[in-house]
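Undergrad: Next up is a structure, given as structure tokens.
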Ligand code: 6PG
């Protein structure tokens, strides 16, 4: 059942179902203001509960406004207690314009006082994407001090959605969707002209305490409808179902324009 709620003086369409909340904003600005507030609340709670806040960030265009807004808050955020990880990365050097780390650094990290040791990019210096995935998995195990078989729990994971329904670098019909042993894996896109990638797996994504999806633009409207309204959809974005955590789907009016609410 859809309601109109007022968030920071703006009317927003809201639909809640079990642990999933869908919010439709007028535009990316309002959506990003709300995502900033969510980030602050989740971070505050995590730091109060356990002394630090762990977040995994996606690449793509949609989250750039959010990253810039976080950067503009400058040092009012507890960066010394915030640990930034990446959801996925292209197997390219950090200086490459396709590098997610590059984008996140340009929009957010270089503008704030975050200690270097709190930034955990996916290393792409290795010889192969497979070696990079192994290295990232080792980094995660070491930072989270995981013992054998123990699951990893991010406080927050930010995800985007592709027009084909991919999320992170988990693409439709790929065997990677069933991966449940590894925390991170290498992906070779079926379109071989595209860059190889490294991504977190669903075993990590669905174990997060909070997942926020960001979707904007009319080009996302059809896939957003399919992901949210088609029962038993096997699209990667539809497989995002946090075991215990909360799932929030933030979109602008264009991305939400095909929904039946
Ligand atoms: C990436 C991603 C990817 C992205 C979606 C949506 O690095 O490209 O992590 O999953 O989130 O493709 O991208 P847009 O935000 O650009 O639409």
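Undergrad: Would you check if residue 174 is within 15 Å of the ligand (Cβ to nearest atom) and closer than 24 Å to residue 249 by Cβ?
TA: yes
Undergrad: Tally time: how many residues in the stretch 46-59 are away from the ligand (no atom under 16 Å from the Cβ), outside any loop (DSSP other than H, G, I, E, B) and either loosely packed, with under 13 Cβ neighbours inside 10 Å or touching a residue at least 60 places away in the same chain (Cβ under 8 Å) (or both)? Give the derivation first.
TA: Residues of the stretch 46-59 that are away from the ligand (no atom under 16 Å from the Cβ), as a first pass: 46-54.
Within this subset, residues satisfying the condition of being outside any loop (DSSP other than H, G, I, E, B) are 46-50, 53-54.
Then drop every residue that is not either loosely packed, with under 13 Cβ neighbours inside 10 Å or touching a residue at least 60 places away in the same chain (Cβ under 8 Å) (or both), which leaves 46, 48-50, 53-54.
So the count comes out to 6.
Undergrad: Same structure, new question: Taking the stretch 194-252 as the search range and keeping residues that are within 16 Å of residue 162 (Cβ to Cβ) and in a loop (DSSP other than H, G, I, E, B), which one is modelled with the lowest pLDDT?
TA: Filtering first and then ranking leaves 194.
Undergrad: Now for a different question. Please enumerate the residues belonging to the stretch 177-193 that are in a loop (DSSP other than H, G, I, E, B) and either surrounded by 20 or more Cβ atoms within 10 Å (Cβ to Cβ) or more than 14 Å from the ligand (Cβ to nearest atom) (or both).
TA: Across the stretch 177-193, the qualifying residues are 179, 180, 181, 182, 183, 188, 190, 192, 193.
Undergrad: Looking at (1) assigned to a loop (DSSP other than H, G, I, E, B); (2) out of contact with any helix residue (DSSP H, G or I) (no Cβ under 8 Å at 6 or more places or on another chain), can you tell me which one residue 165 breaks?
TA: So residue 165 meets the others, but not (2).
Undergrad: Can you pull out every residue in the stretch 158-171 that is surrounded by 15 or more Cβ atoms within 10 Å (Cβ to Cβ) and more than 12 Å from residue 201 (Cα to Cα)?
TA: 158, 159, 160, 161, 162, 165, 166
Undergrad: Based on this model, can you work out whether residue 62 counts as more than 16 Å from the ligand (Cβ to nearest atom), surrounded by 19 or more Cβ atoms within 10 Å (Cβ to Cβ) and either under 30 Å from residue 126 (Cα atoms) or modelled with pLDDT under 95 (or both)?
TA: Answer is no for this residue.
Undergrad: Tally the residues that are assigned to a helix (DSSP H, G or I) and touching a strand residue (DSSP E or B) at 6+ places or on another chain (Cβ under 7 Å), restricting the search to the stretch 8-38.
TA: 6
Undergrad: Sticking with this one: Look through 20, 38 and report the one residue that is away from the ligand (no atom under 16 Å from the Cβ), within 20 Å of the chain's Cα centre (by Cα) and at pLDDT below 95. Lay out the reasoning, then the answer.
TA: Values: 38 fails: at pLDDT below 95.
So the residue among 20, 38 that is away from the ligand (no atom under 16 Å from the Cβ), within 20 Å of the chain's Cα centre (by Cα) and at pLDDT below 95 is 20.
Undergrad: Kindly check whether there is at least one residue in the stretch 197-204 that is out of contact with any strand residue (DSSP E or B) (no Cβ under 8 Å at 6 or more places or on another chain), more than 13 Å from the ligand (Cβ to nearest atom), in contact (Cβ under 8 Å) with a residue 12 or more places away in the chain and over 19 Å from residue 87 (Cβ atoms). Spell out how you get there, then give the answer.
TA: Restricting attention to the stretch 197-204, the residues satisfying the condition of being out of contact with any strand residue (DSSP E or B) (no Cβ under 8 Å at 6 or more places or on another chain) are 203.
Still in the running and more than 13 Å from the ligand (Cβ to nearest atom): 203.
Filter once more, keeping what is in contact (Cβ under 8 Å) with a residue 12 or more places away in the chain: 203.
Add one more test, that the residue is over 19 Å from residue 87 (Cβ atoms), and what stays is none.
No, every residue in the stretch 197-204 fails to be out of contact with any strand residue (DSSP E or B) (no Cβ under 8 Å at 6 or more places or on another chain), more than 13 Å from the ligand (Cβ to nearest atom), in contact (Cβ under 8 Å) with a residue 12 or more places away in the chain and over 19 Å from residue 87 (Cβ atoms).
Undergrad: Do the conditions hold for residue 214, that is, is it more than 16 Å from residue 85 (Cα to Cα), in contact with a helix residue (DSSP H, G or I) (Cβ under 6 Å, 6 or more places away or on another chain) and within 12 Å of the ligand (Cβ to nearest atom)?
TA: The answer is no for residue 214.
Undergrad: Identify all residues within the stretch 154-171 that are more than 9 Å from the ligand (Cβ to nearest atom) and closer than 23 Å to residue 67 by Cβ; write none if there are none.
TA: Listed by number, the residues that qualify are 154, 155, 156, 157.
Undergrad: In the stretch 71-106, which residues are within 16 Å of the ligand (Cβ to nearest atom), in contact with a helix residue (DSSP H, G or I) (Cβ under 6 Å, 6 or more places away or on another chain) and either free of Cβ contacts under 8 Å to residues at least 24 places away in the same chain or outside any strand (DSSP E or B) (or both)?
TA: 91, 94
The values are calculated or read from the model by the stated rules, or taken from the named source; none is laboratory data. Since the model is a prediction, treat every value here as computed from it, not as a measurement. As a convention, Cβ positions derive from the backbone with ideal geometry for all residues, glycine included, and neighbour counts pool all protein chains shown.
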